[in-house]
């Protein structure tokens, strides 16, 4: 299954999803597509002024351009998600999404999709961390079992 | 500016820029003024602790990064010549951080700083004047420290509505020219010729010439100017010079035909400034249209406004179209022309107050310059809103030309 992860640039979450045989939907792949598009030249990540306009699909024009630009990147991830793992209040080193307003909107849209969803807090101790990984692995296994 | 000069290092403190697709525009504007954008490096621990250290809690990690980068500049961890603070237009959280970061840098360093709120439509052209002012302030402090005009010099200010020229000799204005801007070069020729005629001097005798305003580059090339300079630094110099407030703090307000400038000045050098240009409802154009609707000339509008009471007219919009409609409706329901004129001045002043003066620290004396400062109702409305005395110096409408002539005299000995 295609599993949306939040933070969408979390290498830990991306790796866990892959280990359990699913496809992580991470922002790196979308940025990678932009960066590898040869005809574009809009550093640093090749987002052009057209992208915030694409973001109008999710947010009206009075919503800041930075939110809409980010939403254009998230669009394929949200659209293709079959399931999702959302981690609240992650440490920046775990994965960092820059804009709080974008994050609120993305999390809402994921919840609104009514897909299998695991929401959990970022762990603050080693025991919590073990429980954290256990919950994620149980969720990912349940997706596989559900598929069967 | 010459290519042999080292590029000015501008720190970019931003949230949302790269996702708005305008980083390229910023790079382009900075390149044109021989500057480079730098991104202060911080450690992850700096970001972890910054909310407590800065005293501002925010939800967006990019804003925490912005504060951490500001701290890196203030503590000297990173060396830069100027700072550009930019966040998305219409983001409330970012607007708070932008304003506080700007104030924090301004108060703790002598580094010039500008803040800007952008959309995906922001272009290099829009940013150029701001970047030019920022780099000039960083690069040319000795030129900007000049407080007296010397020799025989001239300045031409090619504005969006009018073109102004002055000739100065030994710290005095000896000739002036003021014409509507129709064709940039022809209007400048006419204004310059009028100023030379009044001064009774030949063009060949002018020792140095400065150009400013929208048409500064075209005029600079045409007249082989010694100084081609944007209007923010030039107007700051012109304002404190004409108001005789060259030392200490000052705030310069210039409501132009197309955009407004609010500049916080220290010893005649701009520290913080904003430049609005999104809405014509906040510009001199709105007052022109009001005057036309009232059947008076723009020069009569100010005196009329001073006699009126803005509170007697209800305005529902700041928009140049709907705002005028409000005024027309008021006239239709029996409002007095003087009250309508006062309401128009109040509307423009209120927009300046709400949209621009929140972006700088307003410190006395407040000096209003530009053609609109002669519309008496406007400085009066600004006084009422700011609760401070507003100074309108003599020859306020020639501010850019005077500033250019003053600064150009620094080139005489070269």
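None of the figures in this text is laboratory data; all of them are computed from the coordinates on show. Just so it is clear, the model here is predicted, and its values are computed rather than measured. Glycine gets a Cβ as well: all are built from the backbone with ideal geometry, and neighbour counts include every protein chain shown.
Listing for the model above:
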| quantity | calculated |
| --- | --- |
| Kirkwood hydrodynamic radius over Cα pairs of region B:8-139, then Stokes diffusion coefficient at 4 °C and 1.567 mPa s, in µm²/s | 89 µm²/s |
| Estimated FRET transfer efficiency (residue B:222, residue B:197; beta-carbon r; R0 22 Å; 0.05) | 0.70 |
| Region B:216-265: C-alpha gyration tensor shape, a/c 1.5 cut-off, then a/b vs b/c | oblate |
| Calculated diffusion of region B:245-392, Stokes-Einstein form, Kirkwood radius summed over Cα pairs, 37 °C and 0.692 mPa s, µm²/s | 217 µm²/s |
| Approximate spin-label separation residue B:292-residue B:36, in nm, with each point projected 7 Å along Cα-to-Cβ | 4.9 nm |
| Theoretical gain in end-to-end length, residue B:170 to residue B:363 [0.36 nm per residue, Cα-Cα removed] | 66.4 nm |
| Two-decimal Rg to Rh for region B:163-260 - Kirkwood Rh, Cα set | 0.96 |
| Principal axis dimensions, largest first and in whole angstrom, of region B:193-323 by Cα | 54, 35, 27 |
| Computed label-point distance, nm, for sites residue B:77 and residue A:60 using a 7 Å Cα→Cβ extension | 4.1 nm |
| At 0.692 mPa s and 37 °C, Stokes diffusion of region B:278-355 via Kirkwood alpha-carbon radius, µm² per second | 276 µm²/s |
| Modelled FRET efficiency - R0 45 Å, residue A:33 with residue B:185, Cβ distances, 0.05 increments | 0.40 |
| Rg over Rh, two decimals, region B:118-220 (C-alpha only, Kirkwood Rh) | 1.04 |
| Whole-Å distance, taken between Cα centres, linking region B:39-64 and region A:78-110 | 20 Å |
| Percent of C-alpha pairs per 10 Å bin, region B:318-414, short to long | 14, 35, 30, 15, 5, 2, 0 |
| Range of Cα positions in region B:238-280 per principal axis (Å), largest first | 33, 19, 10 |
| Tilt relative to chain A, helix A:65-80 - C-alpha long axis, 0 to 90 degrees, to 10 | 50 degrees |
| On Cα atoms only, tilt of A:100-112 relative to the major axis of chain A in degrees | 60 degrees |
| For region B:245-392: relative contact order, % (alpha-carbon pairs under 8 angstrom, 6 or more apart) | 29 percent |
| Rg to Rh quotient for the protein assembly as shown, alpha carbon positions, Kirkwood Rh | 1.06 |
| For chain B, fraction of C-alpha pairs farther apart than 35 Å, in % | 29 percent |
| Descending Cα extents along the principal axes, region A:2-147, whole Å | 44, 29, 28 |
